[in-house]
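Student: Please see the structure below; I have some questions.
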Amino acid sequence: MKELEFDEVVTRAAWQGRDIAAAGEWVYQLSAEEIAEIDAALRHLQSTGRQIPDIGKEHFPLGRFARTLRLLQSEIETGLGVMLVRGLPRDRYSAEEMGLIYWGIGAHFGRAVAQNAQGDVLGHVRDMGRDRHRDMHARGYQTASLLPFHNDSCDIVGLCCLETARNGGLSSVASSVAVYNAMLRTRPDLVKVLMQPFCADRRGEESPGQKPYYVTPVFIWHKGRMFNRYNRSFISSAQRFEEVPRLTSAQNEALDMVDALCRDEQFRLDMKLERGDMQFVNNYCVLHSRTAYEDHADESKKRHLLRLWLRTATFADYPEALRDRYADMDLWRTSPRPPSFHFVGMAEVTTH
């Protein structure tokens with residue numbers, strides 16, 4: 001790839017969902033031997049008494065599977081940008097043990113960063129009855145409503161499914177590289193718009209002295225590589241601040257086109273996360289979404305996913321435009337909060 005504004009990006013990451021859905025190359029099925037290695041690693045970790053976040057990959061030794069994880073990480077970082085690891089026997093483990101396994105596997109990819117100002121490093125994706133439209137501190141994944149396509153503030157975002165919804169809750173991903181290429185072919189004027197700065201809401205999590213919003217383009221070229229930063233909801237809610245410039249008609253048209261392409265059946269890849277599934281997504285070339293869902297009445301069966309935000313060595317050099325936002329996670333990580341699996345009164349637990 002050349003570092004030019006108007007070159008199409010030729011890479012495996014420029015996939016279209018319609019083309020890769022049936023191939024299944026984005027799914028990795030765990031073998032019995034790999035599950036046995038995970039079991040052994042869990043027993044070893046438990047024998048040490050160590051707890052999240054004080055667990056590194058050396059505390060979760062995986063033998064041959066560790067080499068496989070390096071290959072999967074390469075596919076996530078420099079290949080398709082998405083990988084679903086399937087086959088972990090969920091019923092064998094408690095929720096806390098699933099958290100330890102998921103954290104241990106994530107530690108082989110990189111370092112977990114905090115996801116909110118409370119320092120949560122292992123997040124819970126669960127409907128807590130909040131309203132992200134009325135409550136500027138609420139997050140969409142704390143609801144059962146549709147989550148529009150977006151990405152998060154890290155290198156790799158991971159989800160681990162503990163429980164599924166009664167209906168709905170489908171996970172969808174789309175290649176932002178394919179979206180960029182499609183827009184470049186038909187509306188290069190809008191691509192240019194998306195390379196200019198946009199203001200995005202910090203949603204009440206600014207540190208002392210910070211502005212309540214951060215500024216970043218949607219598409220960023222950096223040292224021959226395309227990076228993407230997109231959250232339409234946060235761009236829209238930043239308009240509540242008087243000092244933020246009003247979105248222009250061209251900006252709104254460009255954002256509308258990104259949303260429309262991501263939703264298009266040709267571009268998006270849909271997957272149902274089953275209990276025990278672990279999904280890992282490259283935040284710089286893949287946008288993710290979730291359909292609305294209907295949950296179970298039984299509290300123990302409610303849809304529940306764990307989330308990791310990971311930094312990896314591959315992306316140690318990232319665009320300057322991302323540094324302001326990433327400083328938030330660095331600050332929050334200085335006082336990490338161990339995860340809680342007790343959901344009575346969990347409305348107090350927020351993750352970004």
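Laboratory data are not the source of any read-out in this text; all were calculated from the coordinates shown. These numbers were taken from a predicted model, which means no experiment stands behind them. Here Cβ is always computed from backbone atoms with ideal geometry, including for glycine, and neighbour counts include all displayed protein chains.
Student: Which stretch or stretches of region 7-37 have amide N atoms under 16 Å from the point lying 7 Å from Met195's Cα along the Cα→Cβ direction?
Tutor: 7-10
Student: Taking θ = phi - 60°, what integer Hz values does the Karplus form 6.51 cos²θ - 1.76 cosθ + 1.60 yield along region 112-121, in sequence order, with x for Gly and Pro?
Tutor: Here the 3J(HN,Hα) series is 6, 10, 5, 9, 7, 5, 7, x, 5, 9 Hz.
Student: Counting only pairs 8 or more residues apart or on different chains, how many lysine pairs in the chain have their Cα atoms under 19 Å apart? Intermediate results must be reported in sequence, preceding the final value.
Tutor: Working: Lys2/Lys192; Lys2/Lys223; Lys192/Lys223; Lys272/Lys301; Lys272/Lys302.
Eligible lysine pairs with Cα atoms under 19 Å apart amount to 5.
Student: Using just the helices of the chain, give the 222 nm mean residue ellipticity in deg cm²/dmol: DSSP H runs with n ≥ 4 each add -39,500 (n - 2.57), and the total is spread over all residues, rounded to 500.
Tutor: Working: 9 runs with 100 residues, N = 352.
Helix contribution divided over all residues of the chain: -8500 deg cm²/dmol.
Student: Measure nothing fancy, just the Cα-based angle from helix 323-332's long axis to the longest principal axis of the chain, in degrees from 0 to 90, nearest 10.
Tutor: 30
Student: What is the helix-to-structure angle for 176-186, meaning the angle in degrees between its Cα long axis and the longest Cα principal axis of the chain, kept from 0 to 90 and rounded to the nearest 10?
Tutor: 20
Student: Taking only Cα atoms and a 10 Å spring cutoff, compute GNM fluctuations for the chain and point out the largest among Glu242, Glu163, Glu265.
Tutor: Of Glu242, Glu163, Glu265, the most mobile in the Gaussian network model is Glu242.
Student: Check which residues have an amide H placed less than 5 Å from Val27's amide H, if you skip close sequence neighbours.
Tutor: Those qualifying (amide H under 5 Å, at least 5 residues apart or on another chain) are Leu84.
Student: Going by average Cβ density within 10 Å per residue, which order do the peptides 276-283, 200-207 take, highest to lowest? Spell out each step's value before the answer.
Tutor: Working: 276-283: 24.2, 200-207: 18.1.
Highest-to-lowest ranking by the protection proxy: 276-283, 200-207.
Student: Hey, what angle do you get for helix 32-48 against the long axis of the chain, alpha-carbon based, 0 to 90 degrees rounded to 10?
Tutor: So the inclination is approximately 80 degrees.
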